[in-house]
1. For residue 191, what is the net charge nearby, where nearby means another residue's Cβ is under 11 Å from its Cβ and Lys, Arg count +1, Asp, Glu -1?
2. How far apart, in nm, are the 7 Å Cα→Cβ label points at residue 215 and residue 111?
3. Excluding residue 156 itself, what net charge comes from residues whose Cβ is under 10 Å from its Cβ, given Lys and Arg +1 and Asp and Glu -1?
4. What is the sum of charges around residue 174, taking Lys and Arg as +1, Asp and Glu as -1, for the other residues whose C-beta is under 10 Å from the C-beta of residue 174?
5. Label 7 Å along Cα→Cβ of residue 52; segment 213-235 residues with amide nitrogen under 15 Å?
6. Using a 1.4 Å probe, what is the accessible area per residue for the chain, in Å²?
7. Among 224, 146, 121, which one shows the highest mean-square fluctuation when the chain is modelled as a Gaussian network with alpha-carbon springs under 10 Å?
8. What does the helix-only formula give at 222 nm for the chain: each DSSP H stretch with n ≥ 4 adding -39500 (n - 2.57), the total divided by the residues, and the result rounded to the nearest 500 deg cm²/dmol?
Amino acid sequence: MSSPPGPTGTPPLSVAFCPCPPLLLPRVAGRAAADTAGLRAACATAIDALLAAGPEVVVLVAPDAEGRYGQGDAGDLRGFGVDVEVPLSGGVRPGGRRTPPGLTVGAWLLDEAGHAGTRVGAGPRDLAAVVAGLSGTVGVLALGDGSARRGVKAPGHLDEAAAPFDAAVAAALATGDAAALAGLDAAEGARLMAAGVPVWRAVGALLAGRDVEARLLADEAPFGVGYLVASWTAR
């Protein structure tokens, strides 16, 4: 059953913010799977909240995606050492688009949650148009990592500005501050290798002016990369 429209006259929209490193999959992480167990649990909580709202379509948005993806498209993680293929929505269609790793991990997270409904993939620049073109209730799975410069052994090595940058994102996610997300510094995010910034900016812009109920579920950097998990309901 759909929820009544919010104060803006638009239907409520639920968002799950999750990181999307292939290491979230135990088969990819191998012996390091225990290091990502807490993140998987937090992602499951955020996605359960998203699905509890009963969206007719879940839109996955990932920083490495461009355009729109849909029924029959699929991705794999063979480049990360495992023979795993994950359809985005429904089965794999011959000749379908290949989803990038971010969307592939997002589809896996939805599979793990038991979601069998309709899914659509989008790039950050395409999110607003994709959501506007859908009928019925919509939920968004926003995929993206924080800075990869959080430690001396991080992929981008240590940058002292990385932790404060991620902390500002965490504060915006915790308080439901869509304007703060929309206003994130894209150039600084790129410098700090914070891959999630384009996605967070797009979601912030999408929800501009709406009241947001928010929960920050995880704020970790186990491999020198910031991983943030949050649950939002915008009215």
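The values are calculated or read from the model by the stated rules, or taken from the named source; none is laboratory data. Remember, predicted model here, so these are calculated numbers, not experimental data. FYI the Cβ positions are ideal-geometry reconstructions off the backbone, even for glycines, and counts take in every protein chain you see. The accessibility values were calculated without ligands, DNA or RNA, using every heavy atom of the protein model including side chains. Shrake-Rupley method; radii C 1.70, N 1.55, O 1.52, S 1.80 Å.
1. Numbers: positive: 149; negative: 159, 185, 188.
Charge balance near residue 191 sits at -2.
2. If labels sit at residue 215 and residue 111, their model points lie 2.6 nm apart.
3. Numbers: positive: 149, 150, 191; negative: 159.
Spelling it out: positives minus negatives among the neighbours equals +2.
4. Details: positive: 215; negative: 177, 219.
Residues close to residue 174 contribute a combined charge of -1.
5. 213-217, 230-234
6. Working: 9930 Å² over 235 residues.
Per residue, the chain has an accessible area of 42 Å².
7. Residue with maximal mean-square fluctuation among 224, 146, 121: 224.
8. Values: 8 runs with 73 residues, N = 235.
Mean residue ellipticity at 222 nm (helix-derived): -9000 deg cm²/dmol.
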